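We did not get these values from a lab; they are worked out from the coordinates using the rules stated. Note that this is a predicted model, so its numbers are computed, not measured. Cβ sites come from the backbone with ideal geometry, for glycine too, and all protein chains shown count toward neighbours.
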Amino acid sequence: MKKRASSSQELSAEAAAPMLAALGSLPRLAVFRTLLRAGHEGMNVTELQTATALPASTLKHHLAALVGTGLVAQLRNGREVVCTARFEQIHHLSAFLLRECCLDAGASADKAAMARC
């Protein structure tokens, strides 16, 4: 298999696996997608709980998993905790998933399709 040159910012499989595992839970995926929609401003935990309809203890559990993998950041602002998706990490994870896309497609592969990878 051909390898593409890697940069120092590319994720390793060891770093990507926990992120992908964290997103493998439907409630976590819902929390994460809600934060993606919120953009760089993020949402406070109360807003996030309302948007996802998850009980507070369940939301706390899922947020801990997402924060632990680096996909979500939390910032305390007084008594409020604001959660944001870490877009840089998401870009690194996407790049990891696509890094070797179409490498083994061969010479007969549609060049336009390979360019989309």
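In the range 13-115, with Lys and Arg counted as +1 and Asp and Glu as -1 at Cβ, which of these residues, Cys101, Thr52, Phe32, has the Cα nearest the positive end of the dipole, that is, farthest along it?
Among Cys101, Thr52, Phe32, the one farthest towards the positive end of the dipole of the range 13-115 is Thr52.
How much length, in nm to one decimal, is gained on full extension between Ala56 and Ala13, taken as 0.36 nm per residue of separation minus their Cα-Cα distance? Provide the component values of the computation, followed by the final result.
Numbers: separation 43, 0.36 × 43 = 15.48 nm, distance 3.21 nm.
Once the chain is fully extended between Ala56 and Ala13, it gains 12.3 nm.
Given R₀ = 25 Å, what would the calculated FRET efficiency be for Ala64 paired with Phe87, taking r from the Cβ atoms and rounding to 0.05? The partial results should precede the final answer.
Numbers: r = 20 Å, r/R0 = 0.80.
For Ala64 and Phe87, the calculated efficiency is 0.80.
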